1. Any chance you could count how many residues in the stretch 59-76 are more than 11 Å from the chain's Cα centre (by Cα) and in a loop (DSSP other than H, G, I, E, B)?
2. Return the residues of the stretch 27-47 that are farther than 16 Å from Leu75 by Cβ and either in contact with a helix residue (DSSP H, G or I) (Cβ under 9 Å, 6 or more places away or on another chain) or of a type in the set (A, V, I, L, M) (or both); say none if nothing qualifies.
3. Modelled with pLDDT under 90, outside any strand (DSSP E or B), of a type outside the set (Asp, Glu) and more than 14 Å from Leu20 (Cβ to Cβ) - does that describe any residue in the stretch 39-52?
4. Please give the number of the condition Thr7 fails out of (1) under 25 Å from Pro73 (Cβ atoms); (2) open to solvent by less than 70 Å² (accessible area, probe 1.4 Å); (3) not in a strand (DSSP E or B).
Amino acid sequence: MGTKMITLTEAAVKKVSSILVQEGPDAKLRMYVSGKGCAGLTYGFGITTESEEDDLAVQQDKVTVLIDSFSLPYLK
């Protein structure tokens, strides 16, 4: 990809980095979209140590953001 898919602010990188350090050396931020009944889509995030084969990994400073292939088009 020519441009970054996800850009975190400096404050977000600082906060997420401090959380990931507490979770361990393999911790990453996962951003996702899921179906939620009549309400449509729900956007969320969480901490994970595992990546899937279809994940896009975006690195920004000390933070790795993972996005699965289902969520990718919605986050564009």
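1. Counting residues in the stretch 59-76 that are more than 11 Å from the chain's Cα centre (by Cα) and in a loop (DSSP other than H, G, I, E, B) gives 5.
2. Listed by number, the residues that qualify are Ala27, Ala39, Ile47.
3. yes
4. Among (1) under 25 Å from Pro73 (Cβ atoms); (2) open to solvent by less than 70 Å² (accessible area, probe 1.4 Å); (3) not in a strand (DSSP E or B), Thr7 violates only (2).
The values are calculated or read from the model by the stated rules, or taken from the named source; none is laboratory data. Bear in mind the structure is a predicted one, so any value in this text is a computation, not a measurement. Ideal geometry is used to build each Cβ from the backbone, glycine not excepted, and the neighbour counts take in all protein chains shown. For the accessible areas, the whole protein counts, side chains as well, though only heavy atoms, and no ligand, DNA or RNA atoms are used. Shrake-Rupley method; radii C 1.70, N 1.55, O 1.52, S 1.80 Å.
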